[in-house]
Structures are given as structure tokens and as C-alpha cells.
Amino acid sequence: MSHKPVIEYKLIDYQVRFLQAKQKITALIGGTGCGKTFLLPIAIFYKALEHFGSSGTPMEIIVLAPTHKMLLRNPLKYIRQRFDELGIPYTLNKSEMTITFSYGVIYLISAESYESMQGIHASLIVMDEAGLMAKPVFDTALQRLAFHSGQLLILSTPYGSNHWLKSEVYDAWLEGDSNIFVVNPQSSDNPFYPLSEIERARTMLPKWKYEMFFEAKFTKPAGLIFEEVTYIPRFQLPPNCIYFRGLDFGFNNPNAVVQLALDPNNNDTVYVVGEWKKSQTNIDDLEAVLKKGYGTIYADPAGKDALETLKRRGLPMSVAKKDVLAGISMLDAMFRSKKLLVFDDLYQLQDELSTYTWQVDRNEQLTDKPAKNNDHLIDALRYAVFTYEGGYLAAKFIDAMIGLNYKDSFFW
């Protein structure tokens, strides 16, 4: 009679401490090669088995990745690989993106459509590469855990120093929040990671990048485009403000809208007062959102058909100017001069602004092209400000005449 060989995993001390932690938010924020991806399926099975042993019921688990492609490339791939390796029977439903096994069901969800977590009362949520996700994903994850007092596991590289992962998790842990536990290993803490690779990276990479990816430090990325953004508390705007909006079209990528207000009695200061960003939305969804805001909508000219449809439905649509570098320069100048201020409860825009960088070439030199990721609200902001400011003197009177001024509040 043949027996399946027993597989033993030799875990590193910080991996064991991460697995055994009971805090509501438990994070492994580590350098490259510290075993985050390896640990993900093991953590899921360990927690599900523990839950089943204490409650006798299967566990509902949500696994999040930043994009659908990353969901397929990392969590799904490694869960299947590890379960197969361990001989754990499971059923994969590709259309529903679920994995069912004896001790639970795993819902695989992209952070691009994080709203699909609604309706699931999870006992465990795993955020893989959480540093690439916006704060509303984190907030929604905590909400979906509340019913069962579940646990949030975070696996990530540190990424930028202005990110919610640092302020809401890492810094809170350092300040003694008893609901949070963090392990923060460097690449060199993994005894199996080749030291020669670490030394090569030290000599080849820019200092900020080496510290972020190998020493697991929250560093400021080189090439951050907007370095001087001012965030202010929300306040009641004066009644004579002039309102306008920016719109970046998307579907698999999210549609993104920003609402702005210009105060002519305060040196023409522009305030960013509203945001809305959502993927998998159709033209009817977008129309409903736009009807809750105010002012001319300066829209991405690439979405010509959608723009014309919205215009036929009575919305004040206008084609935006799309000169990327000139638009970025105007935004930067307005941020630096404090002529453009952002309400501090616009978390998705804050997240984008904190990670919006210039691309680097193969020699790690900065280029004059912005990196195209997590920038949809910024694009909408650029369309609005660059187009509106260029025709401001005429536009402010036109907007007032057609009754598009702010009334009470926004409902996005």
C-alpha cells in the first residue's frame, strides 16, 4: 500500500509570527523575496482549518489582488499550486472566481471591482500587494469583516511613504494600536535569498528603490510628479463658487469623475471637492452619477461616443484638452502656489497623487512620461483644470448664466 509523502514547510520566524498572530489587522510588509506569495495559500489553509476546528463551520474568505491580471498571476496560481502539492481537494469555479474546499470558500476579487465584496460576510480577508490598492479597498475590507469580527491579513511591499498602508497600518502599529500586528522583514532576513542578488541590487538600483524593495522601508519614490499638494478639511463653500468637472472614461479601467469649485472671491482658488471612481460601469451608471454634480464636464476626447451619448441625454459635456505635459505643468504650478487645494476626505485621489511618478527607462533614468497606473482621477483632474483654466474668463460667466452653480451637497 503506497502512501502520499508528507510535505513539510520550514517557515522562517517572521512567517510563523505572522501566521499565529490574532490581531484584527495582521500585516507582513516585507522586502522582495521574503516569502509573501509563498505564504499566502498556507495562511489561508491554516486560518480556515483553525476556524473549522473551533466552530465546526466552513470559513468565508476573500482574497484581493490589485488587478484581475495580478489575481490570476499570483493568488489563484499559487493557491492551486500549493493545494495540489498538499493534496487538498478543491473545486474551482472560473466564471464565479471561487475556490471551494473542505474548510471554506475563497472569493477571488480584483481591487479594481472591490465593490463586489458587498454581500459577503467574510471571516478572513487577504490583501495581496495591498500597497498597490486604494484606501477604499481597505475600508471596504474592514467593513466586510465586521459581522464575524474577522481578521484582515495584509501581504505587501512598502511602496510610497504617503500611502495609507504606512499611515493606517504601519504607523498605527508603531504607536501601539493593539488591534494591529506587523512583521517587517528585509530581503536579507530570508536565509534562502541569495546575498549576491541583494548586493547586486544595492549597486545597481537607485537608493530609494533599493531601500523600498530590499530593506522594506517606506521611501519616497524618485520622480514623484506632484510633490507639494495641500489637503484641507472639508468646509461649507461660499454660495458664489463656480463649478466644473473632469471625466476620464473607462470600463475595465474605471470611469473617474472629479468635482471642482472655483472661488472668485478668494483669488480664484480652485478646490477639489468631490470624487467618484468605479470600474465595470455602463453609460447609465455614469449618467446617474454626473446628474448629481454641477458644472460643465470636461471629458476625455478618446471617449467620443460616450461623450456624445451623454450630451444627447442633456448633460453639459465638453471635449477636454489632452496635452499631457502641459496639463501636468499647470496642475503642478497650481499645487505649488496653493491655487489648487484638495479636500482631505478624497482618499482615492490622495492615493493616486501619492504614487503618481515619471516613468524610468532601463537605465533607471527618469523620462518625461508619467507612469500609467492608478491615475484615472488625476487624468480627470487634468482634463478639468487644463481645459477650464484656459478659458476661465469666458467660462465663469457662461456657467453662471446656465445655472450650474453649486446648490447644497454632492452625493457621490
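The values are calculated or read from the model by the stated rules, or taken from the named source; none is laboratory data. All values derive from a computational prediction rather than experimental measurement. Quick reminder, even Gly has a Cβ in these numbers, built from the backbone with ideal geometry, and neighbours come from all protein chains shown. SASA here: full protein model, heavy atoms, side chains in, ligands and nucleic acids out. Shrake-Rupley method; radii C 1.70, N 1.55, O 1.52, S 1.80 Å.
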Report summary line: Listed by first then second residue, the pairs whose first member lies in region 138-165 and is at pLDDT 90 or above, whose partner is part of a helix (DSSP H, G or I) and among the basic types (K, R), with beta carbons under 6 Å and at least 6 positions apart or on separate chains, are L155/K36
Report task. Output the number of residues of region 105-122 satisfying the condition of being more than 16 Å from H68 (Cα to Cα) and crowded, with 22+ Cβ neighbours inside 10 Å. Result -> 1
Query raised in the report: Which ones in region 15-34 are open to solvent by 10 Å² or more (accessible area, probe 1.4 Å), within 12 Å of W173 (Cα to Cα) and of a type in the set (V, I, T)?
Result: I25
**Report entry** Hits in region 311-364 - residues which are within 16 Å of the chain's Cα centre (by Cα) and either open to solvent by 60 Å² or more (accessible area, probe 1.4 Å) or under 17 Å from R245 (Cα atoms) (or both)
**Finding:** L346, Y347, Q348, L349
Query raised in the report: When you scan region 198-212, how many residues do you find that are buried (at least 16 other Cβ atoms within 10 Å of the Cβ) and not in a helix (DSSP H, G or I)?
Result: 1
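For region 59-69, name all the residues that are open to solvent by 50 Å² or more (accessible area, probe 1.4 Å) and either part of a strand (DSSP E or B) or at pLDDT 95 or above (or both).
Of region 59-69, the ones open to solvent by 50 Å² or more (accessible area, probe 1.4 Å) are 60, 68-69.
If the condition is that a residue be open to solvent by 50 Å² or more (accessible area, probe 1.4 Å) and either part of a strand (DSSP E or B) or at pLDDT 95 or above (or both), then E60 is the only one that fits.
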**Report entry** When residues of region 70-97 are limited to those that are out of contact with any strand residue (DSSP E or B) (no Cβ under 7 Å at 6 or more places or on another chain) and within 17 Å of A130 (Cβ to Cβ), the one surrounded by the fewest Cβ atoms within 10 Å (Cβ to Cβ)
**Finding:** R73
Query - Odd one out for P194, checked against (1) open to solvent by less than 30 Å² (accessible area, probe 1.4 Å); (2) without any contact (Cβ under 8 Å) to a residue 60 or more places away in the chain; (3) not aliphatic (A, V, I, L, M) - result: (1)
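Being of a type outside the set (A, V, I, L, M, F, W, C) and either in a loop (DSSP other than H, G, I, E, B) or without any contact (Cβ under 8 Å) to a residue 12 or more places away in the chain (or both) is the filter here, so list the residues in region 286-303 that pass it. Show your work before the answer.
Of all residues in region 286-303, those of a type outside the set (A, V, I, L, M, F, W, C) come to 287, 291-296, 298, 300-301, 303.
Of everything in region 286-303, those that are of a type outside the set (A, V, I, L, M, F, W, C) and either in a loop (DSSP other than H, G, I, E, B) or without any contact (Cβ under 8 Å) to a residue 12 or more places away in the chain (or both) turn out to be K291, K292, G293, Y294, G295, D300.
Within region 174-197, is there a residue that is part of a helix (DSSP H, G or I) and of a type in the set (F, W, Y)?
As a first pass, look at region 174-197 and keep what is part of a helix (DSSP H, G or I): 174, 187-189, 195-197.
Keeping just the survivors that are of a type in the set (F, W, Y) gives none.
Within region 174-197, none of the residues are part of a helix (DSSP H, G or I) and of a type in the set (F, W, Y).
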Query raised in the report: Hey, among the residues in region 262-285 that are open to solvent by 30 Å² or more (accessible area, probe 1.4 Å), in a loop (DSSP other than H, G, I, E, B) and touching a helix residue (DSSP H, G or I) at 6+ places or on another chain (Cβ under 8 Å), which one's farthest from N373 (Cα to Cα)?
Result: P264
